[in-house]
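Written out below as structure tokens is the structure these notes cover.
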Amino acid sequence: MLPEPITYCFYRYRGLCLHTSIVTTFTIMMAAAPLQASVAPKASACGYLAGLIDKAPPSGPLFLPSYPTVESGPLHGAAYLYDNAVAAIALVGCGEQDKAYRIGSAILWAIDNDRTWHDGRLRNAYAAAVVANGPVKLPGWWDNTQNKWLEDRYQVGSDNGNMAWAMLALLSIDDVNTGSRFRDGAARLGVWVAQWADTRGTGGFTGGTFGHEPTPEVRTWKSTEHNTDLAAAFGLLAIRTGDSHWRDKATAAEHFVDTMWAPACACFAAGTAEDGVTHNPTLALDAQIWPLTALHGAAGKFAAAMTTAEQRMSVGGGFSYGEDRDGVWTEGTGQMALLMKLLGRTERAESLIAVIESQRSPDGGFYATTVRELPTGFVLDTDPTKPRLYFRLSHLGAASWAALAERGFNPFTMTKGLP
């Protein structure tokens with residue numbers, strides 16, 4: 001008889017969190033994982049991402065696994081939309097447009113081939129594989145305690161921040177050689193996201209949906225990170241299509257982000273509570289870095305956010321997710337390294353990249369964190385007594401941000417510069 005399931009959060013805070021039930025045997029496996037980073041010579045981060053595509057079947061649209069070394073449970077074979085979108089953009093920055101094209105094609109396939117939805121939305125995660133005929137498969141796992149197949153409520157939902165990253169990924173691939181289908185796909189995603197424009201408080205866009213069809217829960221809170229993503233995605237869509245109404249939506253998202261600035265803290269609030277007005281004061285690293293990287297003039301206007309991050313979130317030569325500073329968050333350290341490189345602070349950028357390189361995993365990728373469990377400062381929606389955590393696993397998102405930092409490629413502008 002298997003032990004009772006234990007609830008954990010494995011996925012990063014993006015307004016929502018992956019809530020899973022996972023048996024103690026998986027936790028034991030995590031506890032046994034070595035903490036030492038690999039010291040063997042490895043390919044560049046770009047080379048690692050390109051190698052993931054090369055190891056896959058040779059043709060067809062493709063979703064990559066977010067946690068490629070996990071062999072069982074809810075994370076096995078799960079391809080998070082955000083991770084795949086960032087990987088596609090990173091591959092473009094690495095000069096691997098053809099490899100990025102395969103991920104972008106999988107995103108396009110998913111828009112048109114969902115098992116239920118045909119309204120322009122995407123799910124937060126898919127099954128990692130070549131996407132073939134029929135509806136795209138969703139991740140899940142067999143639970144022996146319940147004797148049935150389970151799906152995670154976050155994975156099947158549609159988070160607007162992830163939708164924004166999918167838009168950016170499609171626009172990174174869009175060029176004269178691909179016709180307009182990637183651009184058109186981004187616009188279809190934009191139409192779906194646009195319905196979540198909010199009139200409460202300082203406007204912006206709410207979180208999206210959570211849970212299974214036919215009636216997923218509507219998330220009424222607003223995220224600084226989501227709206228930053230959307231400002232960049234809508235703004236780039238306006239440029240690529242020549243349609244000014246996308247610029248209006250970008251302006252609305254950017255205005256919301258601007259109003260999340262707290263001068264007394266010299267930081268951005270994480271967003272709002274469900275009322276759409278009350279600020280969530282939690283300090284999150286990406287909510288500080290991304291506005292400066294994505295929004296025109298923000299790196300100067302809100303430069304104090306970098307000082308706040310250095311003073312309150314730096315640890316071990318890199319950065320943690322929040323203020324606990326219990327370990328390095330590899331992905332966020334890559335985000336800061338990129339910002340430093342874009343600002344011309346090359347020495348600081350290289351020191352952060354060295355920290356990232358020290359977290360190579362045996363598969364050639366990058367551990368999500370330097371410690372077994374890294375707090376985010378947030379708690380589970382389903383159980384406020386339990387924290388949201390990162391775990392020490394090889395992570396596609398971490399590798400993708402390592403590649404972006406390596407190349408100095410801004411995923412919000414598709415250039416090597418700030419907006």
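The values are calculated or read from the model by the stated rules, or taken from the named source; none is laboratory data. Just so we're clear, the structure is a prediction, and the values are computed from it rather than from any experiment. Positions of Cβ are generated from backbone atoms using ideal geometry, with glycine treated the same way; all protein chains shown enter the neighbour counts. Quick note on the areas: whole protein, heavy atoms, side chains included, nothing else; ligands and nucleic acids left out. Shrake-Rupley method; radii C 1.70, N 1.55, O 1.52, S 1.80 Å.
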Which of the residues spanning the range 391-418 are closer than 21 Å to Arg345 by Cα, in contact with a strand residue (DSSP E or B) (Cβ under 9 Å, 6 or more places away or on another chain) and not small (Gly, Ala, Ser)? Trp401, Leu404, Phe409, Lys416, Leu418
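Restricted to the range 390-419, and to residues that are modelled with pLDDT of 80 or more and in a strand (DSSP E or B), which residue is most open to solvent (accessible area, probe 1.4 Å)?
The extreme case among them is Thr415.
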Output for the range 99-136, where each listed residue is farther than 14 Å from Leu52 by Cβ and outside any loop (DSSP other than H, G, I, E, B): Tyr101, Gly104, Ser105, Ile107, Leu108, Trp109, Ala110, Ile111, Asp112, Ala125, Tyr126, Ala127
If Ala132 satisfies all but one of (1) aliphatic (A, V, I, L, M); (2) open to solvent by 50 Å² or more (accessible area, probe 1.4 Å); (3) within 20 Å of Glu213 (Cβ to Cβ), what's the number of the condition it fails? (3)
Conditions first: (1) crowded, with 19+ Cβ neighbours inside 10 Å; (2) under 22 Å from Ile107 (Cβ atoms). Lys222 passes all but one, so which condition is the exception? (2)
Among (1) at negative phi; (2) at pLDDT 95 or above - the single one Ile6 does not satisfy: (2)
Whichever residue in the range 350-370 is out of contact with any Lys or Arg (no Cβ under 6 Å at 6 or more places or on another chain) and assigned to a loop (DSSP other than H, G, I, E, B) and, among such residues, is nearest to Arg325 (Cα to Cα): Thr370
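Restricted to the range 325-344, and to residues that are charged (D, E, K, R) and more than 16 Å from Arg312 (Cβ to Cβ), which residue is surrounded by the most Cβ atoms within 10 Å (Cβ to Cβ)? Before the answer, list the steps.
Taking the range 325-344 as the starting set, the residues that turn out to be charged (D, E, K, R) are 325-326, 331, 341.
Now restrict to residues that are more than 16 Å from Arg312 (Cβ to Cβ): 331, 341.
Details: Glu331: 27, Lys341: 23.
The residue in question is Glu331.
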Kindly indicate whether Glu347 is in contact with a Lys or Arg (Cβ under 7 Å, 6 or more places away or on another chain) and either among the charged types (D, E, K, R) or under 17 Å from Ala402 (Cα atoms) (or both). no
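Is it the case that some residue within the range 313-322 is open to solvent by 10 Å² or more (accessible area, probe 1.4 Å) and in contact (Cβ under 8 Å) with a residue 60 or more places away in the chain?
If we filter the range 313-322 for residues that are open to solvent by 10 Å² or more (accessible area, probe 1.4 Å), which is where we start, we get 314-317.
Filter once more, keeping what is in contact (Cβ under 8 Å) with a residue 60 or more places away in the chain: none.
There is no residue in the range 313-322 that is open to solvent by 10 Å² or more (accessible area, probe 1.4 Å) and in contact (Cβ under 8 Å) with a residue 60 or more places away in the chain.
Yes/no matrix, rows are residues, columns are (1) open to solvent by less than 10 Å² (accessible area, probe 1.4 Å); (2) among the aliphatic types (A, V, I, L, M); (3) modelled with pLDDT of 95 or more; (4) in a helix (DSSP H, G or I):
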position: Asp152; (1), (2), (3), (4): yes, no, no, no
position: Met163; (1), (2), (3), (4): yes, yes, yes, yes
position: Ala169; (1), (2), (3), (4): yes, yes, yes, yes
position: Ala186; (1), (2), (3), (4): yes, yes, yes, yes
position: Trp192; (1), (2), (3), (4): yes, no, yes, yes
position: Gly207; (1), (2), (3), (4): yes, no, yes, no
position: Glu213; (1), (2), (3), (4): no, no, yes, no
Listed by first then second residue, the pairs whose first member lies in the range 280-299 and is surrounded by fewer than 20 Cβ atoms within 10 Å (Cβ to Cβ), whose partner is at pLDDT below 95, with beta carbons under 8 Å and at least 6 positions apart or on separate chains, are Thr282/Gly322; Thr282/Gly377; Thr282/Phe378
Which residue, of Asp159, Asp175, is over 17 Å from the mean Cα position of the chain (by Cα) and either surrounded by 20 or more Cβ atoms within 10 Å (Cβ to Cβ) or charged (D, E, K, R) (or both)? Asp175
